[in-house]
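The values are calculated or read from the model by the stated rules, or taken from the named source; none is laboratory data. Small disclaimer: the values here were computed from a predicted structure and weren't measured. No Cβ is skipped: glycine too gets one built from the backbone with ideal geometry, and neighbour counts run over all protein chains shown. Only protein heavy atoms, including side chains, enter the accessible area calculation; ligands, DNA and RNA are left aside. Shrake-Rupley method; radii C 1.70, N 1.55, O 1.52, S 1.80 Å.
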Amino acid sequence: MGLGAHRGRLNIQSGIEDGDMYDGAWCADYKDRHQWLEVDAIHLTRFTGVILQGRNSIWSWDWVQTYKVQLSNDSVNWQSCMNGTVEAIFEGNQNPETPVLGLLPVPTVARFIRINPQTWYPNGTICLRAEILGCRVDDPSDIYASERDPGSKDALDFRHHNYKEMRKLMKSVTEECPDITHIYTIGKSYMGFKLYVMEISDNPGKHELGEPEFRYVAGMHGNEALGRELVLNLMQYLCREYKKGNQRVVRLVTETRIHLLPSMNPDGYEAAYEKGSELAGWAEGRYSFEGIDMNHNFPDLNNIMWDAQEKAEDPSKVPNHYIPIPEYYTKEDATVAPETRAVISWMQDIPFVLSANLHGGELVVTYPFDCTRDWAPQEDTPTADDAFFRWLAAVYASTNLVMANPDRRICHYEDFQSHNNIINGGAWHTVPGSMNDFSYLHTNCFEVTVELSCDKFPHASELPIEWENNKESLLVYMEQVHRGIKGVVRDKLTKQGIADAIIKVEDHNHDIRSAADGDYWRLLNPGEYKVVVWAVGYFPSMRRCHVGSEPHPTVCDFTLTKTPIQRLKDIRAKGGKIPQDLQLRLRALRLRKLRASTKAINQRRESQRLQGRRARSSGAHRA
């Protein structure tokens, strides 16, 4: 069953274990020219071609070198595809991975089609992965005629957009909704393509006090094209629904500052786009122009934190957030893509609270940590916020129409339905230097990865149904940015916001920091929490904050009082006169310190005196 017909989909992936039954292809039981793979198109179809790959396996090499194509209307009587007066022989593969297109000499209408291998790699056997090309035709006698493929009621631009077309679409959205949209760039790719971001907010262009920042990032792997199109669809949808007065969308836009980056790797996408959805393969366009996998290109802060914890006398004193970027990573000759540098700078400039990184090739949502401890290939490696990350992943997966379908087939060799379509990243496979882990450890932002589809680059005709599969998930995930607590940390005297105040939640060994204006957001599941806030030069402040089940944050503001010493430093820096109340507090503080130090000295002297007496007494007994 692991090499059955259902394993014959183009670009399907293999298992990684020796003898894995799900090993990346359909394979025939026998090595002769009478083997075939048959596809039932359900409806009459004008077949135009076949795309073939070999078997994806780390243990064997198998591919079909030549093949015939046979067609039928009843699956009983078959006609071979002809090239003039002789049977057409199609060229197959020369390696396991490269997709090869074979066009029928004459497009032919039928319901069934067979691929009939004629020759194969001499040291292998008959194995293949395939995609059939064709278009459905009208058939008055078709009993399934009413079961048209579902589409979408939303009149969006459902097609694949190259760089030029993407820019046009984004510009058209800003022209349609100028009051709530703003386009900006965060940098350029290696080939000079700009990394465009669409901001959607009721006050675009600036951060509003107390309003959380959200982002979707797509196209990190350039050939995983579905995320790019979904983000472009989302721009159009939010614009049009806001204009219609859709209350859910109006609430999202007015209460959230949304940032949408549809193409993090435009160089890779252009390479995949040129090949097209069928011929791009599994890796064409995945990497940057320089051959860098951006999903492994962020600083590995996990091991920096874990190593520091192991060496520390008190691991609780080791920083658990805002871990700085290591020096080696910042050097000019470091292997860091310009696209990665641009995204890091973007993360540092905007106080993002929640994000999702859209990928393709599977159907699952993964959550940090992505990197395992001690370089284990697979190991559950939870964060301090594991419960909330599981909630975030489940929110997307449970509302995705394909993931939530119990009857769907697995994409490749792993059954993620047994995990409710969510998994810890490290438990799937370790990814050092992932964007998810970096986002969590270097900024306040929580981020998950969404694997959107078995097919990385679905055909344009599939985009409407893919939008419907993901529309609710995209919306409900954004709404999670309003869970937990939020507030402003202010100076008691000046009432000004305090930047970089540290917000600590009891029993959650991951702190966050306030933004430049003093506002903060802490994502939390429902419950009662003891929250302590402190900043340099201030006395700490503690509050108990209740988080309810509704997707509305609990407001927990904090007012901090400066220490007398800090007040003195500030006054001296400005050359001001020290007020009498501060003089009295400083005098009282000095007296307390003097009493404490005197008490400590007296206790130490008494201890030494007692030790000396015991020593003399012991000497007398020995004598």
Descending accessible area (1.4 Å probe), largest on the left, turns MET403, MET191 into MET191, MET403
For GLU208 and GLU274, extending 7 Å from Cα along the Cα-Cβ vector and measuring point to point gives, in nm, a value of 4.4 nm
To the nearest Å², the heavy-atom accessible area per residue of the range 147-301 with 1.4 Å probe amounts to 39 Å²
What the 20 Å binned alpha carbon P(r) of the chain shows, as percent of pairs per bin from 0, is 16, 43, 26, 10, 4, 1, 0
Carbon plus sulfur, as percent of the 1.4 Å-probe accessible area of the range 368-506, comes to 51 percent
With label points set 7 Å from each Cα along the Cα-to-Cβ direction at GLU313 and THR330, the distance between them in nm comes to 2.9 nm
In the structure shown, of LYS171/LYS275; LYS311/LYS456; LYS206/LYS317; LYS317/LYS569; LYS194/LYS504, the pairs separated by more than 31 angstrom at the C-alpha atoms are LYS311/LYS456; LYS206/LYS317; LYS194/LYS504
Heavy-atom accessible area with a 1.4 angstrom probe orders GLU606, GLU278, most exposed first, as GLU606, GLU278
For the range 307-374 the trypsin sites (Lys or Arg not before Pro) that pass both the DSSP coil test and the at-most-15 other-Cβ-within-10 Å test are LYS331
GluC sites (Glu not before Pro) in the range 1-99 lying in a DSSP loop, each with at most 12 other Cβ atoms within 10 Å of its Cβ, come to GLU17
From highest to lowest solvent-accessible area (probe 1.4 Å; ligands, DNA and RNA excluded), TYR396, TYR287, TYR529, TYR121 read TYR287, TYR121, TYR529, TYR396
CD proxy, 222 nm, the chain: helix-only mean residue ellipticity via -39,500 (n - 2.57) per DSSP H run with n ≥ 4, per residue, nearest 500, stands at -9000 deg cm²/dmol
One finds the C-alpha centres of the range 72-99 and the range 461-496 to be spaced, in Å, by 51 Å
The answer for the per residue Cα convex hull volume of the range 163-482, in Å³, is 137 Å³
With the 8 Å Cα cutoff and a minimum separation of six or more residues, the range 163-482 has a relative contact order in percent of 22 percent
Ranked output for segments 192-199, 113-120, 166-173 by mean other Cβ atoms within 10 Å, highest leading, reads 113-120, 192-199, 166-173
Expressed as a whole-number percentage, the relative contact order of the range 485-570 with C-alpha contacts under 8 angstrom and at least six residues apart is 33 percent
For the chain, averaging the sequence separation of alpha carbon pairs under 8 Å that lie six or more residues apart and dividing by its residue count, the contact order in percent is 11 percent
As straight-line cross-link partners of LYS471, the qualifying lysines (C-alpha separation under 16 Å, not fewer than 8 residues apart within one chain) are LYS153
Computed from every Cα-Cα pair in the range 176-335, P(r) in 5 Å bins starting at 0 and rounded to whole percents is 2, 8, 13, 14, 14, 13, 13, 12, 7, 3, 1, 0
By the Kirkwood definition, with r running over pairs of different Cα atoms, the range 247-379 has a hydrodynamic radius in Å of 18.2 Å
Full extension between TRP375 and ASN525 adds, at 0.36 nm per residue less the Cα distance, a length in nm of 51.0 nm
